[in-house]
Structure formats: structure tokens, C-alpha cells
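Presented below is the structure to which this report refers.
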Amino acid sequence: MMNTRAQKLEAFNRLLDIIDDLREKCPWDKKQTFESLRHLTIEETYELGDAILDKNLEEIKKELGDLLLHIVFYAKLGSEEKSFDIADVANDICDKLIHRHPHIYGDVEVEDEEEVKRNWEKLKLKEGKKSVLEGVPNSLPAMVKASRIQDKVKGVGFDWEEPHQVWEKVQEELTELQVEVQTGDQDKIESEFGDVMFSMINYARFLKVNPEDALERTNKKFIKRFTYLESKANELGKNLADMTLAEMDVFWEEAKRL
């Protein structure tokens, strides 16, 4: 059974009390700062991402708890600086959500999800943003950043009209890459390779595929097949480095069938 609203609030209050205790009494927690927690928060976010890709609901629950811990901890640090507390954090996001959803909390009408996204970007510009790209963090991994950039500019109408146009762009970029490969200029090869990847990420968006998730699925598939190959080599008492590609390919094909 799902918890009641009262039980949810009680659980959140319990977490707030525990954070207060730990901050006061635990040597490790007493030493933490915004900066010291930052890399741990990033790590926890990736662990949540893994759990989501694995469709492991139990792990998703646990990783969400770890992230919630970090959010409450940051708010505790903010309150110690007399800058903000958890109520300010919650109220700020509530105000933002109400403001950014005039089709729910106002008299604006929208036809579909795409119009909601366009309105969202227009509202952000009205709030003082100088560019629709301001909301893309500089520290994002390159592939995720490319996806966010493309989503952002799509919100203001800067986009291709049909998937085939994007595929033609991919082919154009591949041709340009091959030209630079022939010249051997490493800097230009890298530049054109980046263009190919950017256009492929764009094409993924038109196919309604998340490129980060798609690549991670392939990573997991490769790891599974390669570890199978390693295990078979061990069974035969062989070292992979001493095997031929043809020998390894036998076990690789076995792994694919499995």
C-alpha cells in the first residue's frame, strides 16, 4: 500500500531531524561543504541513471533516497549560511512551476507537448535570460549537453522539419569527415568527427531515441558479451592476448545468440 500524505510528511520530517543530528554530532557530516558534496552528488545521479536503465525499481528507490539526502544536506548548509533553507527550496520550485505552467494555473491554452515546451522557453527569456542556452550547464557530459542544446533551440523554432533532412545532414557530415581523414589533418578530423556526432544526436531526437541511453545500452551489451568471451577463454585455460580474432569471434557469436 502507498503511504498517506501525512505519512509522507512524517517521513520527510524524520529525514530533516536526522540531518540536523548528523550535522551536529557526526565528525564526517560536520566537515562537509557544498564543494565537498558536489562530486558525490554527481556520482549518486549517475547511479540513479544506471538503476533507471536497468529498470530496477528497488535500486531506483534507494538511489532517489541518496539524492534526497543530498538535497536536504545542501539546504541545511544554506540555512547555516543564513541564505536559504529547505522551505525556500521547495517554495522556489513551486513558484517556478506555477509560473511556467500558465496552461494549468492561468488562462493560456496549449494544443500539445511541443507548445508547452515552446512556452516554457519563451517564459524563461521573459524572466531575464539572455539566451535560451543559458540553462545548459557547462559541466554536462558532451553528449548530454548536445541533446540539451538541441532541445533548447527547438523550443524557439530553430529545428529541422523532417527526419530525412537530418539524415541527409548526417550523410553530408560523414562525407566531410572522410575528406579530412584522407588529408590526415588531425585537428580537422576531430572537428568533423564532432560534427558527425552532433548530427547523429540530432537524428536520434527525431527518432525519439535518447542517445545517451542508447549508447549506454550498447555499452552494457558489449560488456556482457566481452565478459562471456573472457569466461570462455578462462575455461580453456587461454589468455585472450594469445587467441586469434577468429577464435575469439566464435565465443562472441555465442554470446550474441545467448
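The values are calculated or read from the model by the stated rules, or taken from the named source; none is laboratory data. Note that the structure is a prediction, hence the values are computed from the model and not measured. Quick reminder, even Gly has a Cβ in these numbers, built from the backbone with ideal geometry, and neighbours come from all protein chains shown. Protein only, heavy atoms only, side chains kept; ligands, DNA and RNA dropped before computing areas. Shrake-Rupley method; radii C 1.70, N 1.55, O 1.52, S 1.80 Å.
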Could you name the lysines in cross-link range of K145, using Cα to Cα under 16 Å and dropping any fewer than eight places away on the same chain?
K154
Rounded to the nearest 10 degrees, the helix 86-100 long axis (Cα) sits at an angle to the longest Cα principal axis of the chain of 70
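With 32 Å as the limit, write out which pairs from K62/K129; K8/K31; K62/K221; K126/K208; K61/K96; K55/K152 have Cα-Cα distances beyond it, or answer none.
Values: K62/K129 36 Å; K8/K31 29 Å; K62/K221 24 Å; K126/K208 29 Å; K61/K96 26 Å; K55/K152 28 Å.
Too far apart for the 32 Å limit: K62/K129.
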For a label point 7 angstrom out from the Cα of L57 toward its Cβ, which stretches of segment 1-43 have the backbone nitrogen within less than 20 Å?
1-5, 8
Spin-label pair K224/W252, simplified geometry with 7 Å Cα→Cβ offset, distance in nm:
1.8
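Write down, largest first, the equivalent ellipsoid semi-axes of the chain in whole Å, where each equals the square root of 5 times an eigenvalue of the alpha-carbon gyration tensor. Let's see the in-between values first.
Values: eigenvalues 328, 201, 73 Å².
The answer is 40, 32, 19 Å, longest axis first.
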Estimated FRET transfer efficiency when R0 is 35 angstrom, pair D17-F193 (beta carbons, to 0.05)
0.10
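For segment 49-110, calculate the relative contact order in percent as a whole number, restricting contacts to Cα pairs under 8 Å that are 6 or more residues apart. Please report the intermediate quantities before stating the final value.
Working: 21 pairs, mean separation 8.4, N = 62.
Relative contact order of segment 49-110: 14 percent.
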Could you let me know the centre-to-centre spacing of segment 18-40 and segment 68-124, using Cα atoms, in angstrom?
26
Rounded to the nearest 10, the angle in degrees between the Cα long axis of helix 186-206 and the longest principal axis of the Cα atoms of the chain comes to 60
What number do you get for segment 29-104 when its Cα radius of gyration is normalised by 2.2 N^0.38 Å, N = residues?
1.32
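Mean separation of Cα pairs under 8 Å and 6+ residues apart, divided by the residue count of the chain: what relative contact order is that in percent? Show your work: numbers first, answer last.
Working: 143 pairs, mean separation 25.7, N = 258.
The value is 10 percent.
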Compute the angle between helix 5-25 and the longest alpha-carbon principal axis of the chain, please, reported from 0 to 90 degrees and rounded to the nearest 10.
90
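Using a probe radius of 1.4 Å on heavy atoms only, what accessible surface per residue do you get for the chain? Whole Å² is fine.
Accessible surface, normalised per residue, equals 72 Å².
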